[in-house]
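> I'd like to ask you about the structure that follows.
The values are calculated or read from the model by the stated rules, or taken from the named source; none is laboratory data. Note that the structure is a prediction, hence the values are computed from the model and not measured. Note that we place each Cβ from the backbone using ideal geometry, even for glycine, and neighbour counts take in every protein chain shown.
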Amino acid sequence: MKKSLAFPGEPICVIEEFLPGKGVISDVRGLVKSRYFGKVVYDMNSRKVSVTSLKENVELVKNDRVLAEVRDVQEKIAVAQAFAKLPDKPLKYGRTGVLIAHRNDQMENLVGVGDIAVVEVASIYRGIVTFDIYRPGCGVLLATCSVCGRALEKKNHFLICNHCGNRERRRTVLKYGSLELLAELVGVGW
C-alpha cells in the first residue's frame with residue numbers, strides 16, 4: 001500500500017512497515033497517518049516514512065519584509081496579518097502581529113483598517129510578532145477609505161476617495177497604488 005500523495009489524517013501504512021518520520025503521526029491502533037497534504041517519502045534504509053508539504057512553510061525572522069493587511073487600528077497600536085514574505089513567498093499560514101506608533105504619531109495617520117502595507121519584522125518574542133512601518137521602503141501600498149471602504153487615490157500628500165470625497169493621511173510607499181507592483185511582490189502574474 002504505497003502512496004505518493006497523502007491528505008491530512010489519511011493512513012499511509014502501519015507502524016510494522018515503516019516508523020513515523022517528519023510530517024506523520026502514529027495512532028493507538030498502529031496506523032501511521034499524514035499530518036498535512038504532501039508527498040509521501042519512504043526511506044528504505046532506515047524504514048521510516050515522512051510527508052513533505054507541497055506548500056513551503058515559510059518562517060518569519062527579524063528584518064524580513066512582509067506584506068500585511070491591517071485588521072484593527074487603535075490610538076497607538078494596530079493589528080496586522082502578514083500574508084506574504086517579500087520578495088515573492090506567500091505564507092502558508094498568515095502571521096498576526098502588531099504595529100506600534102512612535103511617541104508623537106497617531107496610528108490613524110500611519111495605517112487604516114483594510115490597508116495593504118509593506119512592513120518589516122522588528123521582533124518576535126515568544127511568538128508575538130512586532131512589525132515596523134518606519135523603516136525605509138515600508139508603508140501602505142493600497143489604502144481603503146474609512147467611510148465607504150473603496151480604494152484611496154494619492155494626490156499630493158493626501159489620499160482621497162473618489163467616491164465620497166474623504167481625505168486621509170497614511171505613511172505610503174513610493175509606488176503607492178501600483179497593482180502591478182503588488183502582483184510582482186506576491187509572485188502572481190497578471
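> Scanning for something more than 30 Å from residue 103 (Cβ to Cβ), under 25 Å from the mean Cα position of the chain (by Cα), surrounded by 14 or more Cβ atoms within 10 Å (Cβ to Cβ) and not hydrophobic (A, V, I, L, M, F, W, C), does the stretch 67-89 turn up at least one residue?
Within the stretch 67-89, one or more residues are more than 30 Å from residue 103 (Cβ to Cβ), under 25 Å from the mean Cα position of the chain (by Cα), surrounded by 14 or more Cβ atoms within 10 Å (Cβ to Cβ) and not hydrophobic (A, V, I, L, M, F, W, C).
> I've got another one for you. Here is a check on your reading of the model: is residue 144 touching a residue at least 24 places away in the same chain (Cβ under 8 Å), buried (at least 20 other Cβ atoms within 10 Å of the Cβ), in the same structural domain as residue 72 (by the TED database) and hydroxyl-bearing (Ser, Thr, Tyr)?
Criteria met by residue 144.
> Step by step: first the residues of the stretch 100-129, then only those that are within 14 Å of residue 170 (Cα to Cα) and under 16 Å from the mean Cα position of the chain (by Cα), then the one that is surrounded by the fewest Cβ atoms within 10 Å (Cβ to Cβ). Which residue is that?
114
> Okay, moving on. Just to be sure before I move on: is residue 146 part of a loop (DSSP other than H, G, I, E, B) and hydroxyl-bearing (Ser, Thr, Tyr) in the structure I sent?
The answer is yes for residue 146.
> Given (1) farther than 19 Å from residue 132 by Cα; (2) in contact with a Gly (Cβ under 6 Å, 6 or more places away or on another chain), where does residue 8 come up short, assuming only one miss?
(2)
> Any chance you could count how many residues in the stretch 17-52 are without any contact (Cβ under 8 Å) to a residue 24 or more places away in the chain and aliphatic (A, V, I, L, M)?
6
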